[in-house]
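One structure below.
The values are calculated or read from the model by the stated rules, or taken from the named source; none is laboratory data. Since the structure is predicted, the reported quantities are computational estimates derived from the model, not experimental observations. All Cβ positions, glycine included, derive from the backbone under ideal geometry; neighbour counts span all protein chains shown.
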Amino acid sequence: MRGMHEKVQCSQCHVKPVFTNVGKNCQDCHVDVHQNKMGTNCADCHTVQGWNIAVQQVKVHQNRFPLLGAHAALQCEDCHKSAAVGQFQGLSTACISCHQSDYQRTRTLGGSVPNHVVANFPTTCESCHTFDSWVGGTFNGTNFNHAAPPINFPLTNGHANVPCTSCHVGNNYNLQIAATDCGHAGCHLTTWQQTTNPQHTAAPTVFPIATCSNCHNTVSWLTANFDHSTTGFPLTNSHQLAPAGKVQACTDCHINNNYNLQIQPTDCANSQCHLTTWQQTNNPPHAAAGAPFAAANCSTCHNPTLWTNVVFNHAATGWPLTGSHQLAPAGKVNACTDCHTGNNYNLTAANTDCYGCHQRAWQSTATMGGSVPNHITAGFATSMCSSCHDTVLWSDGKFDHAGTGFPLQGPHMLAPRTTVTGAIGPMVNACTDCHRGGNYTAGFPTTDCYGCHQSYYTNAQTYGTSVPNHIAANYPTACTSCHTTWVTTAWTGAAFTHTAFRIPHNGSSCSDCHINATNYAIFSCINACHTGNSPHTNQANTNARHNGVGGYAYNATICVNCHKG
């Protein structure tokens, strides 16, 4: 005996005091309430622990219709209405087969429960409801996916907890609205119509009712975020809305609610935002300054950080502003009109020559004197100021004389100069010391020394006892033949290359050999130097010493042919 059978009195089964021939099958003692529709083997479902404890048949029930959630707590007869007469088969597994009345009752529930009948909701209840609680069904619950087809409208952020009827006005659950089409949904149409900054209804092509999501999101309707760069006009620096920038409202730029602007980011003035500012400019007055300051070229100088913080790249014109040409305090120019006189900003390359602005300075050289040559009488070309002058200081002219083929060195240099010794007369202190009479024409003065120093040549014998008379000696006027070190020693440092033999020659002077002071081509070895105790004093003695020497002859100059050392 097991289970419930242990507590049964013997007489309950053995109704007669006969203990044999008693059946062992359940139906021998127990009436089959199922009327044999569940089979004859009670043990398929029941155990000796009690009639309500099912085994195998319950498993079959789980395979066909799992008893989950609230279904697990129900009695069989709650669903199997004919259980009393043993009818357990033939029930549908569709929710509506049991919950038809619940479906109908949604017509009067109200609140957040939509009227399923009027809305023509399908009877596939499991799309929204779960087994846990019939009243816990929600469109955004765990079962119904509002983002999936055919709805395709995800409920996120602010949409997640909104009553269905807030969107499905008039119990209309057949909406065909895209998730981006906020205005047409009827939910936000009034909001779209009431916008003022900007006024959407006044620019429906720019702010169409079907593209609210371009700016708005489901977190907060008021936190609009429009990517202005998609228009081709990015909002940077001061163009941003305050507090990041200086714009208080879209209409600051989109005047009269005009959102159909076709303005480039560089065309500041034509946008109407800065037109008045452009018209009021005075340094320079842009409206009268021509194409370089056209209303469409503002960005050439201005940036969106600060309108008055102008940075113009003057070098882009082919005329960089350096030195004193820069605006003060870096340079000496106080206003653009210092150069662009008469508000002329259409200067060409011909106008950029220095003379155009510095004509007065060029003319003043006629009276400056000193080391400044008279540019007018000298015929200096007005187009070549930069040959000598720079943009740092006009009066600090520096001419590269080497460009003429005659570099200025030593005594030719203007002070301060390198150290020079042996100068006879004054060294150069002004351009006119050489360019006498203001003559700066090419080829004057001659680059040959004699052209300027003829007096030194003609008076050479007066500058020292060892200095020969250049005229009498018939010296050539190619002075540098001897005065090779003139850069540092001026005139007195002459060094003559003696072709006959090395000099100095035993302490002799030029006149010891050159016995004719007027002709240095005449010289004598034996008449002047080799006398006295010299073995060459008499011809007989000299002839004897040169007996057999080819080409020998006793005369004053033949000695050097052999005795050049």
Could you list, in sequence order, the residues of the stretch 144-199 that are under 29 Å from Leu109 (Cα atoms) and touching a Ser or Thr at 6+ places or on another chain (Cβ under 6 Å)?
Phe144, Thr156, Asn157, Gly158, His159, Pro163
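Is at least one residue of the stretch 119-127 modelled with pLDDT of 80 or more, among the small types (Gly, Ala, Ser), surrounded by 13 or more Cβ atoms within 10 Å (Cβ to Cβ) and assigned to a loop (DSSP other than H, G, I, E, B)?
First, pick out the residues of the stretch 119-127 that are modelled with pLDDT of 80 or more: 119-126.
Right, trim to among the small types (Gly, Ala, Ser) and you get 119.
Right, trim to surrounded by 13 or more Cβ atoms within 10 Å (Cβ to Cβ) and you get 119.
Adding the requirement that they be assigned to a loop (DSSP other than H, G, I, E, B) leaves 119.
Scanning the stretch 119-127 turns up at least one residue that is modelled with pLDDT of 80 or more, among the small types (Gly, Ala, Ser), surrounded by 13 or more Cβ atoms within 10 Å (Cβ to Cβ) and assigned to a loop (DSSP other than H, G, I, E, B).
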Residue hits (the stretch 91-111; of a type in the set (Ser, Thr, Tyr), exposed (fewer than 13 other Cβ atoms within 10 Å of the Cβ) and assigned to a helix (DSSP H, G or I)) are Ser97, Ser101, Thr108
Kindly provide the set of residues from the stretch 430-444 that are assigned to a loop (DSSP other than H, G, I, E, B) and exposed (fewer than 13 other Cβ atoms within 10 Å of the Cβ), ordered by number.
Thr441, Ala442, Gly443
Step by step: first the residues of the stretch 357-396, then only those that are exposed (fewer than 11 other Cβ atoms within 10 Å of the Cβ) and among the hydroxyl-bearing types (Ser, Thr, Tyr), then the one that is modelled with the highest pLDDT. Which residue is that?
Thr367
Candidate set from the stretch 506-542 (those that are surrounded by 12 or more Cβ atoms within 10 Å (Cβ to Cβ), under 15 Å from Ile558 (Cα atoms) and of a type in the set (A, V, I, L, M)); member that is modelled with the highest pLDDT:
Ile522
In a loop (DSSP other than H, G, I, E, B), under 27 Å from Gly342 (Cα atoms), polar (S, T, N, Q) and touching a residue at least 40 places away in the same chain (Cβ under 8 Å) - does that describe any residue in the stretch 280-301?
yes
Filter the stretch 305-344 for residues that are outside any helix (DSSP H, G or I), surrounded by 14 or more Cβ atoms within 10 Å (Cβ to Cβ), in contact with a helix residue (DSSP H, G or I) (Cβ under 8 Å, 6 or more places away or on another chain) and among the β-branched types (Val, Ile, Thr) and give the result.
Val333
Filtering the stretch 458-471 down to residues that are surrounded by 16 or more Cβ atoms within 10 Å (Cβ to Cβ) and within 24 Å of Asp433 (Cβ to Cβ), which residue is nearest to the chain's Cα centre (by Cα)?
Ala460
Hits in the stretch 233-284 (condition: among the hydroxyl-bearing types (Ser, Thr, Tyr) and farther than 22 Å from Pro208 by Cβ)
Thr236, Ser238, Thr266, Ser271, Thr276, Thr277, Thr281
